[in-house]
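A.B. asks: Handing you a structure now.
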Amino acid sequence: MKFIGWIQPIVLLAVMLGILGCVTAGDRQHSTLYQPVNSSRVTADYQAESTSGMVVSAHPLASAAGAAMLNAGGNAIDAAVAASFVISVVRPQSTGIGGGGFLMYHDETAKTQRIFDFRERAPIKSSAKMFMDESGEYKKIDYFGTQIKDPSVNGHLSVAIPGTVKGLVEIHQELGKLGLRVVMGPAIEAAEKGFPVYPGLAEAILERQEWLRLYPASRRLFFKGERPLAEGDSLLQADLATTLRQISESGAKDFYEGELAKKIVSEIKRGGGVIDMSDMRAYRVIERSPVTGHYRGQKIVSMPPPSSGGTHIIEMLNMLETVDVGQMHPRGASYLHLLSEVMRRAFSDRAKEMGDSDFVTVPVARLTSKAYARSLMKSFNPEKVTASKDLAGTLPTGESPSTSHLSVIDQWGNAVSTTQTVNYSFGSCVVADGTGIVLNDEMDDFTTKPGGSNVFGLVQGPKNDIAPRKTPLSSMSPTMVFSDKGALEMVVGSPGGPRIISAVLETIVNVVDFKMPLLEAVHATRIHHQWMPDTLKVEAASLDSDTLKSLEAKGHIISAIKSIGDVQAIQKRSDGMIFGVSDSRSDGRPSASGKSH
């Protein structure tokens, strides 16, 4: 393919090299007042400023592609779709066109927000016990002599009907300004010309090498001879480039009805999966109404079911509003205890109440009401934990941290917040032969075994049982924050499975209550409690020993983990200045359109 001029070669090289050596000894350090995770890496590289537009994503090539669309006269949708297709190429461990997601669009002229659900869905031949044998244990599936012991996570049976291609193409067709070939050009080029394997991708390949090695097309793509691709190797994806070019020329039709669909279905059936051509043809993008709430004068607009994210972010903000959080210390034991207890209560409700609202009743109005929040806080004890077993929830659900989020604001004030995924790292680990498409393992986000646990040790709930055409429960939380007068102030989201909800919540509180600059708000210490298991997760080495001892004295069982979430956020001030921040917990960078500062 001819070079389409979306970004000059020298800029492309600079962006790629930025991934491999993000920070040098001479970088100017930003204030570490709030002790951000990876504080040695939090420099100006993770923040950009502009008055004309911003794209923030988990990879600099994706952000640069989105900003290039804005510079070419495109709008927020053009930028988001371009960045989404590029992120599908450069973060195959997190997302891709074999997966699905959610997108929120803010129309600045109409002052409205639209929600698009292009999440993966269960095939027509799926059933509540499809992963169980006659004894009630997980099936062991034979794949050409290899026993697959966890078929809801690995292999062809774990694949749900992909939605990303139809979602992005249809949204762009309705709301974009530029041609689809232009918008998809950067992704085609990235797949065709390749890019250096960066540390996060190399680690993910090593983590999943057993399964990537098993499937022929996956092995050809992610191995160099007999060894997994390592940092610095080039990842070339010629088949994926051909697939993306076909989509850019014919839209989503071939992916769901034509030769691409046949290749996907053939691959799935070869390994014992149940998706057929009728499933692909029947897939539909669903437009939904957002969930909304108010927090200390701000309007919060977020994702409705089948995501649990928006509902529980608003529920937790309502609980926090009963306390003067701004007078607390953001790293103090009193605040972290309060935050943990609020999370515990909301995640108990998530386990009991949440599922696909097209199939089960989800009491969103009750869960997001101020009165309900006050009733939940009656049992809050500032000196002692509430045992999770004493709360009303039943069985929790969870999903993979291997997801990707991007945020966009254009020169007209329109905005996009979108989170996309293939579920667990590299999804099913199956690449559909001849397409370059990494297929999701989204069926594991359903209740695959009543009373059992999924790959993350989380027990699943009955409202999330598998059913044909049903959408699995999600925590993805694309969110926007508006002033009391309706002005857009923040676009935010994160990957991280259930930790998405915590990461987005804490970023909002850091800005609204603690008045942190966005760079510090994104990089401040995070915690996470999801009701069950009854453990408070804290980011390793981010809290001092006295704080940890105080939390333990209140009854918290603490588990240190590397990181919580990977927030990609944009803040717009009343003077028109736009700030974009990428989380240094991962590989992203912001990219400003027009003249940046």
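We did not get these values from a lab; they are worked out from the coordinates using the rules stated. Every value quoted in this text rests on a predicted model; they were computed, and no experiment measured them. No Cβ is skipped: glycine too gets one built from the backbone with ideal geometry, and neighbour counts run over all protein chains shown.
A.B. asks: Tell me, how many Å apart are the Cα centres for segment 351-383 and for segment 107-121?
C.D. replies: 24 Å
A.B. asks: Hey, another quick one. Which one, (i) 202; (ii) 138; (iii) 220, gives volume of the Cα convex hull per residue in Å³ as derived from the coordinates shown?
C.D. replies: (ii)
A.B. asks: Starting from 0.36 nm per residue, how many nanometres of slack lie between Ile124 and Ala541 once their C-alpha separation is accounted for?
C.D. replies: Gain on stretching Ile124 to Ala541: 145.4 nm.
A.B. asks: Using the structure shown, select from Lys193/Lys253; Lys299/Lys378; Lys149/Lys253 the pairs with a Cα to Cα distance greater than 29 angstrom.
C.D. replies: Lys149/Lys253
A.B. asks: Now a separate question. Just from its helices, what would the mean residue ellipticity at 222 nm be for the chain, if runs of 4 or more DSSP H residues each count -39500 (n - 2.57) and the sum is divided by every residue, rounded to the nearest 500 deg cm²/dmol? Write out the running numbers ahead of the final one.
C.D. replies: On the way: 19 runs with 197 residues, N = 597.
The helix contribution divided over the chain gives -10000 deg cm²/dmol.
A.B. asks: Right, here's the next one. Need one number: nm distance between label points at Glu231 and Thr112, each 7 Å from Cα along Cα→Cβ, rounded to one decimal.
C.D. replies: 4.9 nm
A.B. asks: I've got another one for you. For the peptides 579-589, 190-200, what is the packing order when you average, over each peptide's residues, the other Cβ atoms within 10 Å and list the highest mean first?
C.D. replies: 579-589, 190-200
A.B. asks: Just how large is the dipole of segment 201-359 about the Cα centre, in debye to the nearest 20, putting +1 at every Lys and Arg Cβ and -1 at every Asp and Glu Cβ?
C.D. replies: So the magnitude is around 180 debye.
A.B. asks: Can I ask one more? Please compare each pair in Lys140/Lys537; Lys389/Lys537; Lys485/Lys572 to a cut-off of 21 Å on the Cα-Cα distance and tell me which ones are over it.
C.D. replies: As for pairs spanning more than 21 Å Cα to Cα, those are Lys140/Lys537.
A.B. asks: Would you kindly state how much longer the chain becomes between Met577 and Lys224 on full extension, computed as 0.36 nm times their sequence separation minus their alpha carbon distance, in nm to one decimal?
C.D. replies: Between Met577 and Lys224, full extension yields 122.5 nm more.
A.B. asks: If packing is taken as the average count of other Cβ atoms within 10 Å, what order do 503-512, 128-137 fall into, highest mean first?
C.D. replies: Highest to lowest by the protection proxy: 503-512, 128-137.
A.B. asks: Based on the mean of other beta carbon atoms within 10 Å per residue, what is the order of 249-258, 65-74, 95-104, most packed first?
C.D. replies: Going by the mean number of other Cβ atoms within 10 Å, highest first, we get 95-104, 65-74, 249-258.
A.B. asks: Which whole-number percent is the relative contact order of the chain (Cα, under 8 Å, 6+ apart)?
C.D. replies: 25 percent
A.B. asks: While we're on this one: Between Thr292 and Gln147, take the C-beta separation as r, use R0 = 56 Å, and let me know the FRET efficiency to the nearest 0.05. Intermediate results must be reported in sequence, preceding the final value.
C.D. replies: Working: r = 48 Å, r/R0 = 0.86.
Here the calculated transfer efficiency is 0.70.
A.B. asks: How large is the charge dipole for the chain, taken about the Cα centre, if only the Cβ atoms of Lys, Arg (+1) and Asp, Glu (-1) carry charge, to the nearest 20 debye?
C.D. replies: In debye, rounded to 20, the chain gives about 400.
A.B. asks: Still on this model: Taking the Cα centre of segment 299-355 as origin, work out the dipole magnitude from +1 charges on Lys and Arg Cβ and -1 charges on Asp and Glu Cβ, in debye rounded to 20.
C.D. replies: 140 debye
A.B. asks: Turning to a different aspect of this structure: Charges on Cβ only, +1 for Lys and Arg, -1 for Asp and Glu, centred on the Cα centroid of the chain; of Leu518, Ile314, Ile161, which one is farthest towards the dipole's positive end?
C.D. replies: Of the options given, the answer is Ile314.
A.B. asks: Separate question: Shape of segment 149-210 from its Cα gyration tensor (a ≥ b ≥ c, root eigenvalues): rounded if a/c is under 1.5, otherwise prolate when a/b > b/c, or oblate?
C.D. replies: It is oblate, given that a/c is not under 1.5 and a/b is not larger than b/c.
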